Each structure stands twice: as C-alpha cells, then as structure tokens.
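Asker: Got a structure for you, written out below as structure tokens; questions coming shortly.
The values are calculated or read from the model by the stated rules, or taken from the named source; none is laboratory data. Since we're looking at a predicted model, the values are computed, not measured. Backbone-built Cβ (ideal geometry, glycine too); neighbour counts: all protein chains shown.
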Amino acid sequence: MAVGDKFTMALAHTLNLDGTPDTGYYIQGARKTLADKYEYIMHGKLYKISEEGSGKAVKAEIYVSYGGLLMMLKGDPSHVSHFELDQRLFLLIRKL
C-alpha cells in the first residue's frame with residue numbers, strides 16, 4: 001500500500017464464517033473463510049491488556065504479537081471487554 005491508500009481492517013478470533021472456533025490449521029480451498037474476503041492476514045496472540053488514565057479519561061490497551069511484529073490498540077474499555085489474555089487473533093486487511 002502507498003501513503004494515502006484507504007483500507008479496512010478487522011480483528012477476528014476465528015476465520016470460520018459461522019464464528020465457530022477453528023482447529024488451528026488452515027487448509028487452502030477446503031471451504032470459504034474470512035480469509036477469502038481479505039488480501040492480507042496475520043495470526044497472533046494477545047499478550048497484554050491494560051488501562052491508562054483515570055475517571056472518564058481512562059483508555060484500555062490491548063497488545064498483540066504477530067510472530068514478533070507487535071501491535072497495540074487503544075480505545076474505550078467497553079470495546080475491549082471481550083478480549084482475553086493468550087487469545088489467538090487474526091488481523092485481516094484489504095484495500096478499499
């Protein structure tokens with residue numbers, strides 16, 4: 001991608017379209033998955049959840065490692081309440 005390109009990004013705990021947990025193995029072409037709808041997919045593990053600030057200014061942070069490539073997302077604590085430590089996460093990206 002080039003500077004200024006627009007893209008969509010999603011986080012998912014499974015690539016199965018019905019939301020069922022996956023087996024941890026990917027077999028190309030076996031059946032349709034979320035991966036078919038995106039151009040770039042990474043698999044990682046959530047290793048840290050923390051909060052920053054106090055009162056109404058509190059922000060939650062989640063940290064995910066994709067094989068050493070680290071990502072930190074910061075946002076409202078209500079948006080990260082369903083994440084768990086050691087949870088496997090897929091990062092999915094496609095250009096618009």
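Asker: So which pairs qualify, if the first residue must be in the range 1-16 and over 22 Å from residue 79 (Cβ atoms), the second must be modelled with pLDDT of 95 or more and among the basic types (Lys, Arg), the Cβ gap must be under 7 Å, and the two must be at least 6 apart or on different chains?
Answerer: If the second residue must be modelled with pLDDT of 95 or more and among the basic types (Lys, Arg), the pairs left are 1/95; 5/95.
Asker: Now for a separate question. For the range 78-94, does any single residue satisfy the condition of being farther than 21 Å from residue 23 by Cβ, modelled with pLDDT under 95 and either in contact with a helix residue (DSSP H, G or I) (Cβ under 8 Å, 6 or more places away or on another chain) or assigned to a strand (DSSP E or B) (or both)? Walk me through it before giving the result.
Answerer: Within the range 78-94, the first condition is being farther than 21 Å from residue 23 by Cβ, and the residues that meet it are 78-83, 85, 93-94.
Applying the additional criterion that residues be modelled with pLDDT under 95 yields 78-83.
Now drop any that are not either in contact with a helix residue (DSSP H, G or I) (Cβ under 8 Å, 6 or more places away or on another chain) or assigned to a strand (DSSP E or B) (or both), which leaves none.
For the range 78-94, residues farther than 21 Å from residue 23 by Cβ, modelled with pLDDT under 95 and either in contact with a helix residue (DSSP H, G or I) (Cβ under 8 Å, 6 or more places away or on another chain) or assigned to a strand (DSSP E or B) (or both): absent.
Asker: Here is a further query. Taking the criterion of being small (Gly, Ala, Ser) and either modelled with pLDDT of 95 or more or under 27 Å from residue 77 (Cβ atoms) (or both), would at least one residue in the range 44-52 satisfy it? Give the derivation first.
Answerer: The first filter runs over the range 44-52 and keeps only residues small (Gly, Ala, Ser), leaving 44, 50.
Now restrict to residues that are either modelled with pLDDT of 95 or more or under 27 Å from residue 77 (Cβ atoms) (or both): 44, 50.
Yes, the conditions are met somewhere in the range 44-52.
Asker: Continuing with the same structure: Among 62, 41, 93, which is of a type in the set (Val, Ile, Thr), within 15 Å of the chain's Cα centre (by Cα) and surrounded by fewer than 15 Cβ atoms within 10 Å (Cβ to Cβ)?
Answerer: Values: 62 fails: surrounded by fewer than 15 Cβ atoms within 10 Å (Cβ to Cβ); 41 fails: surrounded by fewer than 15 Cβ atoms within 10 Å (Cβ to Cβ).
Step by step, each of 62, 41, 93 is checked, and only 93 is of a type in the set (Val, Ile, Thr), within 15 Å of the chain's Cα centre (by Cα) and surrounded by fewer than 15 Cβ atoms within 10 Å (Cβ to Cβ).
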